[in-house]
Amino acid sequence: MDYTLEDHRNPPKLRGIYYFLRCKLQKRPKLLNIEFTKHCNAKCSFCACWQVESPNEMTDYSAVVKKFRPLVVAVSGGEPLLRRHYDTLLKDLRPYCHFLQIITNGALLNENSAEKLVKAGVNQISVSLDYIGNRHSENRKIEGLYEHIEATLPKLAQKCYKIALNTVIMESNLDHIIPIAHKAKEWGIYVSYSAYCTLKKDLNEFMVRPGRFEELRRVVGEIKKLKRTLGNIRNSDFYLDNIPVYFQNGGIGNCHAGKLWMQVTPDGYVQQCSELPRVSHFTEYETTKVKKPACTKCWYACRGESEANPLAPRRLIELFSM
């Protein structure tokens, strides 16, 4: 059975509440990040995925998702669209979560592949974009990538597909952050921001420098204003408010990795997050194997948004407006 455009755009809110309460009561993670592959067609300087092998990739992830039954599944890589029959992989796991998202660099995204994703039950197609113009193509080492994204995403938005940009806030793109929000609005799509972290490749050059903390605070304040006026920024105020805190302090404590969200590798192993060691194969996973991490070094959106209190009045408004 193919999923419809209505399924894609409007997952039932009551079902979402049910999944959230079940995760809460049964102490399951709300978010499950699944890597379909480590292989990637980009060569980003701040990521090592393209430099590693991806052996023993699973051919069906439905049993993994069925074990956790999370509120949200986010599929990523590497580049997930490199997997053969990616639409079948997605469709098989779709019945066991409320909301399904895929994160891609966009190079292989077109009207045909987007239609496959929607029919497979994907609720949001997220495309990485860190710079306006050719600098993004150069950073990802994919010739013509920005031009392809610029030509493709407005067409997908016109088909009423739910598209969002994923933008990493870092030293080298502070002056691109606000223009990206406006560009997303121009294209008819959403944008979600995440803070850069050194855990993937230990490169401090992308961390916002102390001399630009004031500029960072100004940018975050402007994002919050645009969130109200443009209506296309997906982040919670809670997450945004903590971005300057994270960069200024070099981290944020009290991480709930393994409790509120989890990571699954292409070969089916569970990690508390993408940057922490493997806990066990999903078939042998037990909650008792998860220990509270001492790590303070990230403020990824997958962490911060999972830690946002969904019952806070402002967050309730944000969630029901999505």
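Here are the numbers for the structure shown:
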item	result
Filter result for Asn173 (in contact with a helix residue (DSSP H, G or I) (Cβ under 9 Å, 6 or more places away or on another chain), under 26 Å from Gly211 (Cα atoms) and in a helix (DSSP H, G or I))	yes
Residue check, Ala195 crowded, with 21+ Cβ neighbours inside 10 Å, under 17 Å from Cys298 (Cα atoms) and modelled with pLDDT of 95 or more	yes
Candidate set from the stretch 271-292 (those that are over 14 Å from Arg303 (Cα atoms) and in contact with a Gly (Cβ under 7 Å, 6 or more places away or on another chain)); member that is surrounded by the fewest Cβ atoms within 10 Å (Cβ to Cβ)	His281
Hits in the stretch 1-59 (condition: of a type in the set (S, T, N, Q), over 20 Å from Thr104 (Cα atoms) and in a helix (DSSP H, G or I))	Gln26
Evaluation of Glu143 against (1) farther than 19 Å from Pro11 by Cβ; (2) buried (at least 20 other Cβ atoms within 10 Å of the Cβ) (one fails), failing number	(2)
Residues of the stretch 77-103 satisfying the condition of being surrounded by 23 or more Cβ atoms within 10 Å (Cβ to Cβ) and part of a strand (DSSP E or B)	Leu100, Ile102
Which listed residue is closer than 25 Å to Ser45 by Cβ and not acidic (Asp, Glu), from Ile233, Ile189, Ile169	Ile169
Residue match in the stretch 63-71 (condition: touching a helix residue (DSSP H, G or I) at 6+ places or on another chain (Cβ under 9 Å), among the charged types (D, E, K, R), touching a residue at least 24 places away in the same chain (Cβ under 8 Å) and surrounded by fewer than 16 Cβ atoms within 10 Å (Cβ to Cβ))	yes
Hey, Leu226 under 30 Å from Arg83 (Cα atoms) and free of Cβ contacts under 8 Å to residues at least 60 places away in the same chain or not	no
Conditions (1) in contact with a strand residue (DSSP E or B) (Cβ under 7 Å, 6 or more places away or on another chain); (2) β-branched (Val, Ile, Thr); (3) not in a strand (DSSP E or B): number failed by Ile142	(1)
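Residues checked against (1) touching a strand residue (DSSP E or B) at 6+ places or on another chain (Cβ under 7 Å); (2) of a type in the set (Lys, Arg); (3) within 21 Å of Phe282 (Cα to Cα):
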| site | (1), (2), (3) |
| --- | --- |
| Pro29 | yes, no, yes |
| Phe36 | yes, no, yes |
| Gln51 | no, no, no |
| Ser54 | no, no, yes |
| Met58 | no, no, yes |
| Ser62 | no, no, yes |
| Val65 | yes, no, yes |
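The values are calculated or read from the model by the stated rules, or taken from the named source; none is laboratory data. As the structure is a prediction and not an experimental result, all values here were calculated from the model. Every residue, glycine among them, receives a Cβ derived from its backbone with ideal geometry; neighbour counts consider all protein chains shown.
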